[in-house]
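Rule-based calculations on the coordinates, nothing more; no lab input. Every value quoted in this text rests on a predicted model; they were computed, and no experiment measured them. Here the Cβ positions follow ideal geometry from the backbone for every residue, glycine too, while neighbour counts run over all protein chains shown.
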Amino acid sequence: MHLLNEKSVTARVLDRVLLPVEKISKQVVFDCRMCGQCILHETGLTCPMRCPKNERNGPCGGVHPNGNCEVFPDKPCVWVQGIERAQRLPLWREHIGELHPPVDWRLKDTSSWINLFTGRDQIHPKGWDAGNGNK
């Protein structure tokens, strides 16, 4: 169910109003990368797009034993942080293990809030829906 038509005047006006608010608030609080398909609530309120490999479904195989990143060994792995934070959440804690579709880079720097209301964030690459039960 979509609450807005993405081409409607209402969606365009809301986008102009909400995008700056979303961008500033999420960048300050979550170091958000504005992928346009926010899954913060499913990743322990840790933006997975901070991963230098853009891993969307968990850590890569190169996480160091101390939990640091393979690419930037002096920094903690984004996914290790997300898994640890998810365990402390009162809600959504079990969502950390959910499988997510690949990032649609056409949505980069757009409002994930508007994309949610218009359903734009639910448009998956061809073949993605075939085996995982998504609509």
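Apply 1/(1 + (r/R0)^6) to the Cβ-Cβ distance of E84 and V9, taking R0 = 41 Å, and write down the FRET efficiency to the nearest 0.05.
0.40
Taking amide hydrogens as modeled 1.01 Å from N in the peptide plane, which residues meet the under 5 Å criterion relative to N68, leaving out close sequence neighbours?
Those lying under 5 Å, H to H, from N68 are C77.
So what is the calculated 222 nm ellipticity per residue for the chain, using -39500 (n - 2.57) for each DSSP H run with n of 4 or more, over all residues, to the nearest 500 deg cm²/dmol?
It lands at -9000 deg cm²/dmol.
What does the extension gain come out to for K108 and I24, with contour length at 0.36 nm per residue minus their alpha carbon separation?
Net length gain for the segment: 28.7 nm.
If r is the Cβ-Cβ distance from K53 to W128 and R0 is 25 Å, what FRET efficiency results, to the nearest 0.05? Intermediate values should be presented prior to the final figure.
Working: r = 20 Å, r/R0 = 0.78.
After rounding, the FRET efficiency stands at 0.80.
Would you list, by chain and number, the lysines whose Cα falls below 26 Å from the Cα of K126, excluding same-chain residues fewer than 8 positions away?
Counting by Cα, and skipping residues close in sequence, K126 has these lysines nearby: K7, K53, K108, K135.
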